1. For the range 6-136, calculate the relative contact order in percent as a whole number, restricting contacts to Cα pairs under 8 Å that are 6 or more residues apart.
2. Picking from Ala226, Ala180, Thr269, whose Cα lies most toward the positive end of the charge dipole for the chain (charges on Cβ: Lys, Arg +1; Asp, Glu -1)?
3. Counting only protein heavy atoms and using a 1.4 Å probe, what share of the accessible area of the chain belongs to carbon plus sulfur, as a whole percent?
4. So which trypsin sites (Lys or Arg not before Pro) in the range 240-293 pass both tests, a DSSP loop state and at most 13 other Cβ atoms within 10 Å of the Cβ?
5. Enter the accessible area per residue of the chain (Å², integer; probe 1.4 Å; all protein chains in place).
6. Take each of the peptides 51-58, 214-221, average the number of other beta-carbon atoms within 10 Å over its residues, and list them starting from the highest.
7. Where a Cα-Cα gap under 21 Å defines reach, which lysines qualify for Lys20, not counting those fewer than 8 residues away within the same chain?
8. Treating only the Cβ atoms of Lys and Arg (+1) and Asp and Glu (-1) as charged, compute the dipole magnitude of the chain about its Cα centre; round to the nearest 20 debye.
Amino acid sequence: MNIDHIEAFLYVVHYKSTHKAANALFLSQPTVTARIKSLERELGVELFYREGRSVTLSDKGKGFLPFATQIVQTFQQGKKQLEKTQETDDVCIGANGVTAQYFLAYALPKWKEQFPNLRFQLVTGSTTMLLEKLESHQIHVAFIQYVHREGIFNELLLNNAVKLVRHCEHPLPQYDCIEAKELAQQKMVFFECGAFDWNYVHKMFEVEGVAANIEVRTDHLEIAKAFIRTKNYISFLPQLCVKNELESGEFVEVDIKHLLDMNQHIFLTYKNKDTLTSAFWETICHTAKDFERVQMME
């Protein structure tokens, strides 16, 4: 027996109208009518007397009403109990370092405020490592780049463009339209954060038959920034990481949109949404929108 059919029955009884019940349920009138007829077929009785557009509860319908009410109430109570149980569970979140440092530092306090019974555990690492933990049920959700894997779902969450930046006193000549061969002559510190597909950068140089002059590789953001501050290095860094430095004028973006536009994204990646309440999933998406709005305003 479908709980939606019983709920439709109760709404029609309450509003004494299929049309009003449909509006209250945000359904079409034919859908509500179909649900009532399906319930009647399953029970083998007529629940309503129909005269034109009016409906009146039949004797059989009156007899079924208290049982229908009890069924729906019991279902709702059970659902609330399950949600209450889920809300006391630990929530294990995986993220790359950039997302953890910038987005989650903003989001987690808000999630904790809205869901005070939740206990958060944060795991940082590469996309490959977090994907393995997701598949082995060690984490509930991951904030990573898009992955194509059977049984894994991705929802676009955040935009995070990658910028080529230099110190404001770096001696890079002011080209109107800089070419890859000029960039290849500059010392580069390569920030390997695991959040982006850096193959696009390598291909940009390969097309011109040159190789990037990567003198330093690091997985630590502040180390990458420290090398830029020596005024000798340039680097590709996520916009989230250098927003303040760009706004203050300490760092300057090197315009390479004619060569490469790395507008990569951070995805909400999961295996099974039922492991957490629907309210929490919705909160994640709302928080991401608020975060991007704040970033644009600052």
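The values are calculated or read from the model by the stated rules, or taken from the named source; none is laboratory data. A quick note: this is a predicted structure, and the numbers were derived from the prediction, not measured. Methodologically, a virtual Cβ is constructed for each residue, glycine included, from the backbone with ideal geometry; neighbour enumeration extends over all protein chains shown. Surface accessibility is based on the protein's heavy atoms, side chains included, excluding ligands, DNA and RNA. Shrake-Rupley method; radii C 1.70, N 1.55, O 1.52, S 1.80 Å.
1. 18
2. Going by the charge dipole, the pick is Thr269.
3. 50
4. Sites meeting the loop and neighbour criteria: Lys257.
5. 56
6. Details: 51-58: 12.2, 214-221: 14.4.
Final packing ranking: 214-221, 51-58.
7. Candidates past the 8-residue exclusion: Lys37, Lys62.
8. Values: 32 positive and 38 negative charges, 255 e Å.
Computed about the Cα centre, the dipole is about 1220 debye.
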